[in-house]
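So the structure is just underneath, and the comments pick up after that.
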Amino acid sequence: MARRAGGPGSGLLVVLLGGLLLLRGGGAVRGAAGAEPCQAPRQWEGRTVSYDHATGRNTRAAVSYDGPNQRLRILEERKALIPCKKFFEYILLYKDAVMFQIEQVTKLCSKIALTEPWDPYDIPANSTYEDQYYIGGPGDEIMVQEWSDRKPARKLESWVGVYTVKDCYPVQETYTKNYSVTTSTRFFDLQMGIADPSVFTPPSTCQTAQMRKMKDEC
């Protein structure tokens, strides 16, 4: 299964976990030999912090993820007043191969073709087990497993995913290209299910949508 290569589905959902990964006792947890990929939740809502290594920009967003219907909604969060900065809502409908980009203030809408295939937030069955460890420290820790698309014939991976052992929640996904990290995604505050399915319905302004992507600056 191919992993996400870019676009709002990945470029908006990225951040490097870095120093937050603390191994209990100073070493990796053992006993995960023969580990099999777990089944990640198919519908959830939560928040993400994104980091784009090309631009050096962080983006915070509320996310609704609907795996069975291949839908993704991303609502950029406004944490501060940034001059000449526009914030958008993105509705990605992969079965229709279309993405709607909605400016949050004016509701101006763009309709853009999706060229990448649907790629769910999960651990593909042919993934390579990399490691198992705790995030946090004694008394406040969560065990996670790390998987990648690395294969024996290719030493370097282009995707690394970190998922919790207990419920298979996504924690972090990182992508590389040409030996450099391009995007990484940190997930948090996840809740199972979709509280309001109408978030995947574009607003009425999208009936007269323009066909070009809007810039996020004035």
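The values are calculated or read from the model by the stated rules, or taken from the named source; none is laboratory data. Everything numeric here is computed off the predicted structure, so don't read it as measured data. Cβ atoms come from the backbone with ideal geometry, glycine included; neighbour counts cover every protein chain shown. Side chains are part of the model used for accessible areas, which takes the heavy atoms of the whole protein and leaves out ligands, DNA and RNA. Shrake-Rupley method; radii C 1.70, N 1.55, O 1.52, S 1.80 Å.
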I'm told Phe188 meets every condition in (1) aromatic (Phe, Trp, Tyr); (2) crowded, with 17+ Cβ neighbours inside 10 Å; (3) closer than 21 Å to Arg71 by Cα except one. Can you identify the failing condition by its number?
(2)
In the set Val98, Val160, which member is touching a residue at least 12 places away in the same chain (Cβ under 8 Å) and either over 13 Å from the mean Cα position of the chain (by Cα) or surrounded by fewer than 19 Cβ atoms within 10 Å (Cβ to Cβ) (or both)?
Val98
Residues of the range 74-116 being touching a Cys at 6+ places or on another chain (Cβ under 7 Å) and in a loop (DSSP other than H, G, I, E, B), in sequence order, are Cys84
Just to be sure before I move on: is Asp66 surrounded by fewer than 16 Cβ atoms within 10 Å (Cβ to Cβ) and either touching a Gly at 6+ places or on another chain (Cβ under 7 Å) or of a type in the set (Asp, Glu) (or both) in the structure I sent?
no
Cβ contacts < 8 Å: first residue without any contact (Cβ under 8 Å) to a residue 12 or more places away in the chain, restricted to the range 54-69; second residue open to solvent by 40 Å² or more (accessible area, probe 1.4 Å), any location; separation 6+ or different chain. Result?
Arg57/Tyr51
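Can you tell me how many residues in the range 163-184 are within 16 Å of Ala40 (Cα to Cα) and either in contact (Cβ under 8 Å) with a residue 40 or more places away in the chain or surrounded by fewer than 16 Cβ atoms within 10 Å (Cβ to Cβ) (or both)?
First, the residues of the range 163-184 that are within 16 Å of Ala40 (Cα to Cα): 163-173.
In the following step, the residues that additionally are either in contact (Cβ under 8 Å) with a residue 40 or more places away in the chain or surrounded by fewer than 16 Cβ atoms within 10 Å (Cβ to Cβ) (or both) were identified as 163, 165-173.
Count: 10.
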For Lys107: the one exception among (1) surrounded by fewer than 21 Cβ atoms within 10 Å (Cβ to Cβ); (2) out of contact with any Ser or Thr (no Cβ under 6 Å at 6 or more places or on another chain)
(2)
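Based on what the data block shows, is Met143 touching a Phe, Trp or Tyr at 6+ places or on another chain (Cβ under 6 Å), open to solvent by 60 Å² or more (accessible area, probe 1.4 Å) and either free of Cβ contacts under 8 Å to residues at least 40 places away in the same chain or not small (Gly, Ala, Ser) (or both)?
Values: touching a Phe, Trp or Tyr at 6+ places or on another chain (Cβ under 6 Å): yes; open to solvent by 60 Å² or more (accessible area, probe 1.4 Å): no; either free of Cβ contacts under 8 Å to residues at least 40 places away in the same chain or not small (Gly, Ala, Ser) (or both): yes.
No; evaluated as a whole, the condition is false for this residue.
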